[in-house]
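Peer 1: Take this structure, written in structure tokens, and hold onto it; I'll ask about it next.
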Amino acid sequence: MAGTARILAICGSTRKNSSNLKLLRKIAAVSEESFSFSFFEDIDKLPHFNPDLDSKNPPKIIIDFRNKIEYADAILICTPEYVFSIPGSLKNALEWCVSTVIFSNKPVGIITASASGEMGKAEIELIMKTLGANFSEKTSILIKGIQGKLDEQGNFTDSLTEKIIKQFIEDFEKQIFI
């Protein structure tokens, strides 16, 4: 390992007790030696995407969001699936990045954790490909039935899921440090 990577964690859910947020926090806790995590917690505060606002003088919160992405060595997105897609708040946040190159070749880990999730996973992968993000089959995973796989404190209750996350962390680390 080459050092500690700065990871910006983005949770696609706006719920305070979200399984996705619990999972991100668990990953941050178990990977402290490799990663230094910061969490983008204002996804619900971003204004609706408007290309007219984006062209000359974007809102300060958008500039701050983009700067956090640019400063990070890698991005970790953990999102549920809503109505066979990703949450509108996450899509809105990513739309604010379309006119930039901040995701171009940026290492990105993607976890779709939901009741089902296949369509949400496909949607987030398509968006991240469009933004030029660097991810692979190993660093974009699907965890079905997430609510039954974590307890209230965010600890794994399913050994297979814990194993999958451990492997994901190893693959994400390799992607960043290679």
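Peer 1: Cα axis of helix 159-177 to longest principal axis of the chain: angle in degrees, 0 to 90, nearest 10?
Peer 2: 50 degrees
Peer 1: Hey, quick one: spin label on Ser38, modelled 7 Å out along Cα-Cβ, who in the range 50-73 has an amide N within reach, i.e. under 18 Å?
Peer 2: 60-73
Peer 1: Mind checking the angle between helix 19-30 and the chain's longest principal axis? C-alpha axes, 0 to 90 degrees, to the nearest 10.
Peer 2: Once rounded, one gets 70 degrees.
Peer 1: Please list, ordered by chain and number, the residues whose modelled amide H lies under 5 Å from the amide H of Arg6; skip anything fewer than 5 residues away on the same chain.
Peer 2: Under 5 Å from the amide H of Arg6: Ser36, Asp73, Ala74.
Peer 1: Pull out a ≥ b ≥ c, the square roots of the eigenvalues of the alpha-carbon gyration tensor of the range 5-69, then state rounded if a/c is under 1.5, prolate if not and a/b is larger than b/c, and oblate in the remaining case. Each step should come with its number before you reach the end.
Peer 2: Working: a/c = 4.21, a/b = 1.78, b/c = 2.36.
It is oblate, given that a/c is not under 1.5 and a/b is not larger than b/c.
Peer 1: Based on C-alpha coordinates, I'd like the Rg and Dmax of the chain, in Å.
Peer 2: Answer for the chain, Rg first and Dmax second: 15.4, 50 Å.
Peer 1: Once fully extended, how much extra length lies between Asp151 and His48, figured as 0.36 nm per residue of separation less the alpha-carbon to alpha-carbon distance? Each step should come with its number before you reach the end.
Peer 2: Numbers: separation 103, 0.36 × 103 = 37.08 nm, distance 3.36 nm.
Between Asp151 and His48, full extension yields 33.7 nm more.
Peer 1: Tell me the relative contact order for the chain as a rounded percent, counting alpha carbon contacts under 8 Å between residues six or more apart. Walk me through the intermediate numbers first.
Peer 2: Details: 295 pairs, mean separation 43.4, N = 178.
Here the relative contact order equals 24 percent.
Read the figures in this text as sums done on the coordinates, not as results from a lab. These numbers come from a predicted model, not from an experiment. Glycine gets a Cβ as well: all are built from the backbone with ideal geometry, and neighbour counts include every protein chain shown.
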